[in-house]
Amino acid sequence: MTVVRSAVAAALEDVIDPEVGLNLVELGLIYGIGIVEGCVVVDLGVTTPSCPYSHRLADDAAAAVRGVPGVACVDVSLRLDPAWVPAMLSDRARLLMGWR
């Protein structure tokens, strides 16, 4: 079974940042998704290098991706580069947060 990138992205929408209450995709924290022969690599950013939930977010992201049909293995890598900036927010997230 082929792993579909959109299914991986949809699964990551179920992972909520507990400090902000929005999902990783809308926050712009998914820097990349790679798929090779059923193995998925997710590059995950954080809003600040000192994020106390960074490892929890990575664990939750990995668990969500494992539930996607066809996924054989998952590696979530925390990335600090590029540094997250509010411009990475989705339009919906910006609206919900009251940012323009």
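The values are calculated or read from the model by the stated rules, or taken from the named source; none is laboratory data. Just so it is clear, the model here is predicted, and its values are computed rather than measured. Quick reminder, even Gly has a Cβ in these numbers, built from the backbone with ideal geometry, and neighbours come from all protein chains shown. To get the accessible areas, we keep the full protein, side chains included, count just its heavy atoms, and leave off ligands, DNA and RNA. Shrake-Rupley method; radii C 1.70, N 1.55, O 1.52, S 1.80 Å.
Screening segment 64-79 for residues that are over 16 Å from Pro18 (Cα atoms) and small (Gly, Ala, Ser) and picking the one that is surrounded by the most Cβ atoms within 10 Å (Cβ to Cβ) gives Gly70.
The number of residues in segment 38-84 that are of a type in the set (Asp, Glu) and under 15 Å from Leu24 (Cβ atoms) comes to 3. Listed by first and then second residue, the pairs with beta-carbon distance under 6 Å, at least 6 apart or on different chains, first residue in segment 27-47 and closer than 21 Å to Ser90 by Cβ and of a type in the set (Asp, Glu), second outside any strand (DSSP E or B) and open to solvent by 50 Å² or more (accessible area, probe 1.4 Å), form an empty list.
For segment 37-53, state whether one or more residues are out of contact with any strand residue (DSSP E or B) (no Cβ under 9 Å at 6 or more places or on another chain), closer than 24 Å to Pro69 by Cα and either among the aliphatic types (A, V, I, L, M) or open to solvent by less than 40 Å² (accessible area, probe 1.4 Å) (or both). No: zero hits.
Just so you know, in segment 1-36 the residues that are among the aliphatic types (A, V, I, L, M) and in contact with a Pro (Cβ under 9 Å, 6 or more places away or on another chain) include one that is surrounded by the fewest Cβ atoms within 10 Å (Cβ to Cβ), and it is Met1.
Scanning segment 80-100 for residues that are surrounded by fewer than 16 Cβ atoms within 10 Å (Cβ to Cβ) and either under 23 Å from Arg56 (Cα atoms) or within 15 Å of the chain's Cα centre (by Cα) (or both) yields Leu80, Asp81, Pro82, Ala83, Val85, Pro86, Ser90, Met97.
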